[in-house]
Amino acid sequence: MTEPDETIQKVLDVRKVGADYEEHQQAAPLDIPVDLHNFKKFPVVDPPGTHKPSGPDTRAQISTDSSLELPDYSGPFKADLRFSDFSNPALLNMIAMSEEYYRVCVEAWAEEVAKRYGQDVMGEIQAEAWRTVLLPQLGHMLEEWMEIPADRAEILVAAVTDEVAARQGDGGVVTINPFRAESVPVDHPKERLVRWALGSHEYLLTAIESWAAIIVIRYGLDAMFAIQWDLWSEKVLPAVRDLKGRWMKVGDGTVEAFMKDIQVDASSFPGKAFELTFEMPEPDVGIMTFNKCISVDQWESMGRPDIAEKASHVTCPASIIETAKLYNPNMKVEILAIPPRVSKDDVCCRWRLSIRDESDPEYAGPTARPDEPAG
């Protein structure tokens, strides 16, 4: 493995999930080679600095006394959804969904890397990702989210390390996940099930970042951005849209279904990386706001809001716009705010969703609502 230079090491340090951005704040912008001209910039409705955060992200708030014991998310959209509103079996389904989401993402990274650089290089990158990024952080994640003592976490990390080594010898894709659903009993206290789900989210993000980090070391930021664009838009989105429907029954065809989809999306759970708010001011209008986003915070702490802009444009629209189309070809996505932002007091990004009508030039023709027959 090529050792990262000092600048790249700083990038890798600050991109760890849960990094202290104040500690990593750079007095001068980091000099990072990246193409800031040849990428698609999506149109933004409102001028920068217009949107301020509104309301807390309630999803991680745990209130067992007032739990709704929802069996899934087939009911109405809840702007103030808390994961503790779900029943224990539903939370286990959410954890299983997150586990499957993790496998989809890792397999997509492996496939895309193998296509670009060959199967042998994929194996090398996978091994480096586990050894240098994911395994060193695993013990802390197990202690924090599984709420187990350090000595037991150390034993689990050793077991995972041995299993990773054994599977790498087979030459395939390694998708070991200690946060798998069958490891946690259904009669666990609800608070612990919620924390387990949040831990599965951090594990997922760290796994994704482990692949991205090694790509940055070997091939640079632009290669990493290009891979992210292709794998999210072409591979990951259809698969994860399907699993959210299967595990959580979020619905189909409507703005409401899309909003519920993002609320329970395993890559955007609340915590160290994201804080989101959701509102539906009208039946077919949804507004989704990222008050906090790990990518924006990371690049701004490095003095590079220009890279935050590129990272946002090459990653977020690919996921949000394409997911909206999967729900309804007439779903319209407007970007109200996106980096670079004027101030850290502004939102990281804000999106408005609605349904196009016949007067819209991009109207795709009539589509059946989920409760209506097609034709």
Next item on the list: Run the quick spin-label model on A127 and S54: label points 7 Å from Cα toward the beta carbon, then report their separation in nm to one decimal.
Entry: 5.3
Margin query: Testing the spin-label approximation: label points 7 Å from Cα along Cα→Cβ at T7 and D230. State their distance in nm.
Written below: 2.5
Notebook entry, point to check: Under the definition of Cα pairs under 8 Å and six or more residues apart, what whole-number percent is the relative contact order of the chain?
Noted result: 25
Next item on the list: Could you line up H201, H24, H140 from fewest to most neighbouring Cβ atoms inside 10 Å?
Entry: H140, H24, H201
Next item on the list: Go through K78/K292; K16/K292; K52/K235; K10/K244 and tell me which ones have a Cα-Cα distance over 24 Å in this structure.
Entry: K52/K235; K10/K244
Notebook entry, point to check: By how many nm would the segment from S359 to E23 lengthen if fully extended, with 0.36 nm per residue of separation less the alpha-carbon distance?
Noted result: 115.8 nm
Next item on the list: Grab the DSSP H runs of the chain that are 4 residues or longer, score each as -39,500 (n - 2.57), total them, divide by all residues and round the 222 nm result to the nearest 500 deg cm²/dmol.
Entry: -15000 deg cm²/dmol
Margin query: Suppose we keep just the DSSP beta bridges with both residues in the chain; what percent of those would be antiparallel, to 5?
Written below: 90
Next item on the list: Return the tail of the calculated pair distribution for the chain, meaning the percent of Cα-Cα pairs more than 39 Å apart.
Entry: 14
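Quick note: the coordinates plus some simple rules give every number you see, no bench work behind them. Remember, predicted model here, so these are calculated numbers, not experimental data. Don't worry about glycine lacking a Cβ; one is built from the backbone with ideal geometry, like all the others, and counts go over all protein chains shown.
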